[in-house]
Amino acid sequence: MVIGIDLGTTFSLAAFMNNGKPEIIPNAEGERLTPSVVAFAEGGRQLIGNLARTQAVANPERTIASIKRHMGTDYEVEVDGRKFSPQEISSLILRKIKEDAQDYLGEKIEKAVITVPAYFNDNQRQATMEAGALAGLEVMRIINEPTAASLAYGLHKQDLHYILIWDLGGGTFDVSVLELGNGVFEVKAVGGNTHLGGDDWDERLMDYLAQEFEKLHGVDVTKDRMALQRLKEASEKAKKELSTKIFAEIRIPFLWQEEDLRLTLSREQFEELTRDLLEKMIEPTKQVLSDAKFTPTQIDRMVLVGGSTRMPAVQHLARQLLGKESYKDINPDEVVALGAAIQANILIGEIKDVVLLDVTPLSLGIEIEGGIFAKIIKRNTTVPTSCGQIFTTAKDNQTQVDIHVLQGERLLSSDNINLGKFELTDIPPGRRGEAQIEVTFHIDANGILQVSALDLHTDNEKSIQISSSYRLSKDEINKMLEDARIHAKEDQKRKEEIQIGIRAESMIHAAQLVLEEDEGLMDKLDVNKIEKLILAIKTTLYKGGYEDTRARIDELSKLVEVVYNAYKCKKRNLEMETKDAAYKRI
Ligand code: ADP
Ligand code: MG
């Protein structure tokens with residue numbers, strides 16, 4: 001059995017395919033959502049989920065929430081002298097999800113698809129995979145949350161082009177634009193606000209309730225931890241109620257000594273209190289649209305994801321900004337997990353849809369002689385992919401090569417983006433051009449890039465995993481493409497100049513090797529001509545006239561060939577003569 005997991009900042013959940021339909025798996029407490037909270041109680045006991053969330057106020061030092069914000073960093077949590085990495089904490093949440101699912105389904109679960117925000121970089125994705133592995137799961141694939149949501153809506157089967165996704169969760173607001181073509185989802189732009197979410201709405205209401213209470217009873221209850229926790233719970237409850245009702249009754253008995261908190265709040269009042277929070281969603285949305293160079297009318301569909309998009313004000317704003325109704329048939333806090341379950345079943349071949357999930361936005365390659373960029377994987381290649389090319393050494397007795405990995409569309413590596421570097425050493429000394437170094441680029445389905453260099457003569461191999469993010473925003477990608485277009489002509493000229501230089505240098509080298517073999521068998525005039533040509537090439541190279549250089553290289557190449565053939569012929573004849581002489585002696 002395979003499952004899909006939405007490992008969220010505030011809530012996590014899992015889904016499976018039941019008779020061809022994705023379905024949420026309730027946890028051991030019977031809830032569909034598990035709070036992404038881990039706590040260490042007395043005696044080192046671990047609490048995960050709702051229990052951990054509830055006792056948070058009483059045990060703040062040993063309660064860990066929102067660990068997702070630290071994934072892929074070297075942040076550590078220290079509890080009772082023990083240190084935990086973000087992936088270890090996340091693995092505790094994943095383990096509960098996995099075990100609860102096993103109990104519910106009565107089957108062992110080994111494989112899963114886990115979702116991450118579209119903007120997660122390699123480190124963050126790798127940390128998520130590690131968390132899965134620590135929880136005893138084989139992570140078949142890491143997929144983007146907006147892509148999962150689109151899959152759950154079956155958008156890959158429709159004739160759509162551009163989808164805008166709003167994901168307003170507990171603590172983050174993510175905006176993405178996806179392009180859909182031939183079953184491939186491509187992330188065109190991402191943006192949002194990593195510090196805006198349902199928690200802010202709760203807090204605003206909490207502050208209001210505390211103020212109202214203080215007006216009546218003259219005490220600031222927020223100083224008291226227990227009271228604070230009760231205020232917080234009541235606020236979230238009221239907020240949720242106001243998503244379906246026009247009024248909410250808030251009642252907290254004995255909030256302060258004998259005093260209850262009693263209040264009726266209208267949806268209108270609540271929306272008034274939180275208007276500025278809602279307005280914070282406008283700017284990032286406009287930014288993402290302009291990054292992707294879209295107007296709202298070009299968007300075919302809008303999908304609402306995240307529990308907080310249940311708020312009517314958020315849905316109203318979506319309608320206002322895009323001028324159309326958004327998709328909300330599926331529970332917004334469940335849609336990502338459902339999509340992940342679909343993807344998991346596509347991967348094991350249970351669902352026969354062809355869904356390709358990602359393409360490389362820019363070309364990837366290495367720097368070669370003269371600072372030229374050699375592309376190994378071309379842009380817009382569908383991942384996973386693997387591609388190799390054989391390279392050789394540029395100098396005699398070169399025993400090491402630097403593999404400098406870059407991405408971009410420019411012809412010279414210095415104009416492209418540096419991704420990482422490594423050395424392959426211990427190449428057996430020899431003539432330049434003799435070594436055979438196979439450089440292979442491999443991008444796995446999670447978008448993680450691995451580059452290896454293999455010396456085909458010695459089987460010596462080195463590789464790196466590109467740990468820095470090579471994912472760029474749509475803006476950066478567009479700029480790269482635009483620059484490549486603008487500079488195409490001059491780049492080509494510079495590249496040709498460099499290549500002429502390299503050719504000249506290697507032609508001179510070859511000519512000198514031939515001259516060294518002379519042994520007095522070459523025509524003095526020819527030798528002289530060759531030497532003059534070499535000097536002429538060096539001069540034009542230095543002065544920069546590369547058309548002239550090219551002509552002289554061609555001339556030199558022809559001359560060297562003629563001289564060398566004549567030399568070989570003479571030498572052969574000479575050998576024959578000595579052989580003949582020897583024969584005569586017998
Ligand atoms: P995550 O940030 O982990 O992706 P979710 O998408 O599950 O989390 O969103 C959690 C947030 O959604 C919480 O702030 C919660 O209060 C809010 N939420 C859930 N249901 C509702 C509702 N009916 N009305 C308003 N907000 C809701
Ligand atoms: Mg989420």
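The values are calculated or read from the model by the stated rules, or taken from the named source; none is laboratory data. All values derive from a computational prediction rather than experimental measurement. All Cβ positions, glycine included, derive from the backbone under ideal geometry; neighbour counts span all protein chains shown. Note: accessible area is taken over every heavy atom of the protein model, side chains too, but ligands, DNA and RNA are not part of it. Shrake-Rupley method; radii C 1.70, N 1.55, O 1.52, S 1.80 Å.
Could you provide, to the nearest whole Å², the per residue accessible area of the chain with probe 1.4 Å?
Accessible area per residue, the chain: 49 Å².
Separation of region 522-578 and region 377-415 by C-alpha centroid, Å?
Centre-to-centre (Cα) distance: 33 Å.
Classify region 103-202 as rounded, prolate or oblate, taking a ≥ b ≥ c as the square roots of the eigenvalues of its Cα gyration tensor: rounded when a/c is under 1.5, otherwise prolate if a/b is larger than b/c and oblate if not. Please list the in-between numbers first.
Values: a/c = 1.73, a/b = 1.22, b/c = 1.42.
Because a/c hits 1.5 or more and a/b fails to exceed b/c, region 103-202 counts as oblate.
Would you work out which of ALA56, GLY447, GLN211 lies farthest towards the positive end of the dipole of the chain? Charges go on Cβ: Lys and Arg +1, Asp and Glu -1.
Towards the positive end, the residue furthest out is GLY447.
Work out the length of the dipole vector of region 325-467 about its Cα centre, built from +1 on the beta-carbon of each Lys and Arg and -1 on the beta-carbon of each Asp and Glu, and round it to the nearest 20 debye. Walk me through the intermediate numbers first.
Values: 11 positive and 21 negative charges, 91 e Å.
Dipole size: approximately 440 debye.
Nearest 5 percent is fine: what portion of the DSSP beta bridges confined to the chain is antiparallel?
Details: 80 of 98 bridges.
Antiparallel bridges: around 80 percent, rounded to the nearest 5.
At 1.4 Å probe size, with the rest of the protein present, what percent of the exposed accessible area of region 360-470 is carbon and sulfur atoms? Before the final figure, lay out each step's value.
Values: 2160 of 4860 Å².
Result for region 360-470: 44 percent of the exposed heavy-atom area is carbon or sulfur.
Excluding same-chain pairs closer than 8 in sequence, count the lysine pairs in region 293-442 whose Cα atoms lie under 29 Å apart.
Taking region 293-442 as the scope, the lysine pair count is 11.
Any idea of GLU241's accessible area? Nearest 10 Å², probe 1.4 Å.
Per-residue accessible area (GLU241): approximately 40 Å².
Could you rank TYR104, TYR162 by how accessible they are, 1.4 Å probe, largest area first? Walk me through the numbers before you get to the answer.
Numbers: TYR104 115, TYR162 55 Å².
From most accessible down to least: TYR104, TYR162.
When all protein chains stay in place, what accessible area (Å², nearest 10, 1.4 Å probe) is found for SER176?
For SER176, the solvent-accessible surface is approximately 10 Å².
Rank-order 216-226, 136-146 by packing density, defined as the average count of other C-beta atoms within 10 Å over each peptide's residues, highest first.
Details: 216-226: 13.5, 136-146: 22.6.
Descending packing order for the listed peptides: 136-146, 216-226.
I'd like the accessible area for ASP199: 1.4 Å probe, protein heavy atoms, all chains in place, Å² to the nearest 10.
60
Could you give each residue of region 209-214 its phi-based ³J(HN,Hα) in whole Hz, using Karplus coefficients 6.51, -1.76, 1.60 with θ = phi - 60°, and x for Gly or Pro?
4, 4, 5, 4, 5, 5
Which value in deg cm²/dmol, rounded to the nearest 500, describes the helix-derived mean residue ellipticity at 222 nm for the chain, given -39,500 (n - 2.57) per DSSP H run of n ≥ 4 and division by the residue count?
Values: 15 runs with 231 residues, N = 586.
Result for the chain: -13000 deg cm²/dmol, rounded to the nearest 500.
What is the dipole size for the chain, taken about its Cα centre, with +1 at each Lys and Arg Cβ and -1 at each Asp and Glu Cβ, in debye to the nearest 20? If you can, show how the numbers build up before the last one.
Values: 74 positive and 94 negative charges, 267 e Å.
So the dipole magnitude of the chain works out to roughly 1280 debye.
In what order, largest first, do ARG379, ARG267 sit by accessible area if the probe radius is 1.4 Å? Walk me through the intermediate numbers first.
Details: ARG379 85, ARG267 50 Å².
These residues rank, largest area first, as ARG379, ARG267.
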